[in-house]
Amino acid sequence: MIPSEIQESIALMLFPAPFSVRRSTPLSGGCINQAYRVDTEDNSYFIKFNHAGLYPGMFEAEVRGLEVLEKTNTLRVPRPILASTAGRYTYIIMEFIGTGKSHSSFWEDFGMKLARLHRNTASSYGLDHDNYIGSLPQSNRFHDSWTDFFITERLEPQLKQAADSGAAGAPLLRQFEKLYRLLPSLIPQEPPALIHGDLWNGNYMTAPDGSACLIDPAVHYGHREADLAMSLLFGGFSESFYDAYQGAYPLESGWKERMDIHKLYPLLVHVNLFGGGYIRFVASIVSTF
Ligand code: ADP
């Protein structure tokens, strides 16, 4: 059940739009929050909630991230409506996306639109607010170079957490130091690209019109290869997705060989979220440099 204080808060905040719950249906698939489809007299909404204070600012950042993506007019995202707190709870309400059957050019269209999203650029790497990746905070302080951003805002904080928990030992930390020195010569300079930031299989849906819809963004202006690396972390998307992407916004040569470097961040996130077992994947990548 959606707690009554959340329902009352939404009704108050959305007033004069009518908000009287006719039916609420729990949804599975989320890792962090309780998620529901909520039907009112004239609309369907998607609502997630959690205990206030557990993940400060998570839903506010999600609203902002969805707004940033929505403004690009590229890949569809659910229209964000509101993030707020109600008594003991914090919640987010957004457009409910029904589930459709992928149309025949689903992957091509997805790849082409991701390329168009990545064409959105900024003067530096970062974002004007911090957000989360899964349930872990993600700092988005601006940097002028991608490798500075990648090291300072992405790899170092996750590696420190892995070291503090005992998952990463001194030899691995030394190997990372070596990699940090090499990174500027390994990764080609590219303009900052607006990326989804957590583009794995669980973070897109097929909308009723048969096209892709992104959810759960961890957006920032970063390196576009990071989105592609994330998409490849668990088996990868269809070949036609990558072909269409390449056709629309070709990657620098050698991008496939660089995928492992960009996988390091989500792999470290996995170490910190799900346990030390993932550290051997990290170690096997870092040891090659
Ligand atoms: P969590 O923040 O706990 O990881 P998710 O945002 O992944 O939760 O949402 C849980 C599930 O709900 C998703 O796997 C997806 O199937 C579904 N979902 C997410 N956003 C929407 C939406 N706007 N409309 C319909 N279903 C959604």
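Since every read-out is calculated from the coordinates, none of them should be taken as a lab result. Note that this is a predicted model, so its numbers are computed, not measured. When we count neighbours, we look across all protein chains shown, and the Cβ atoms used for this are built from the backbone with ideal geometry, even at glycine.
Along the Cα→Cβ direction, 7 angstrom out, place labels at Lys256 and Lys101. What is the inter-label distance in nm?
My value for the distance between the label points is 3.4 nm.
May I ask you to derive the relative contact order of the chain, considering only C-alpha pairs under 8 Å and at least 6 residues apart, and to give it as an integer percent?
So the answer I get is 18 percent.
Excluding residues on the same chain fewer than 8 positions from Lys160, give the lysines whose Cα lies under 22 Å from its Cα.
Filter leaves Lys178, Lys263.
Taking only Cα atoms, what is the 0 to 90° angle, nearest 10, from helix 170-186's long axis to the longest principal axis of the chain?
The angle comes out near 90 degrees.
Provide Rg and Dmax in Å for the range 4-95, with only Cα atoms included in the calculation.
13.0, 37
Order these by the 10 Å Cβ neighbour count, fewest first: Ser105, Ser84.
Ser105, Ser84
Ignoring GluC sites (Glu not before Pro) that are buried or in helix or strand per DSSP, and keeping those with at most 12 other beta carbon atoms within 10 Å, what is the longest stretch of the chain between them?
42-251
For the range 40-87 and the range 128-199, write down the distance between their C-alpha centroids in whole Å.
With the range 40-87 and the range 128-199 each reduced to a Cα centre, they are spaced 26 Å.
Between rounded, prolate and oblate, where does the range 204-281 land on the alpha carbon gyration tensor, with a ≥ b ≥ c its root eigenvalues, rounded for a/c under 1.5, else prolate if a/b exceeds b/c?
oblate
What are the aspartates and glutamates whose alpha-carbon lies under 20 Å from the alpha-carbon of Lys113, with same-chain residues fewer than 8 places away excluded?
Glu67, Glu70, Glu190, Asp198, Asp209, Asp216, Glu225, Asp227, Glu239, Asp243, Glu252
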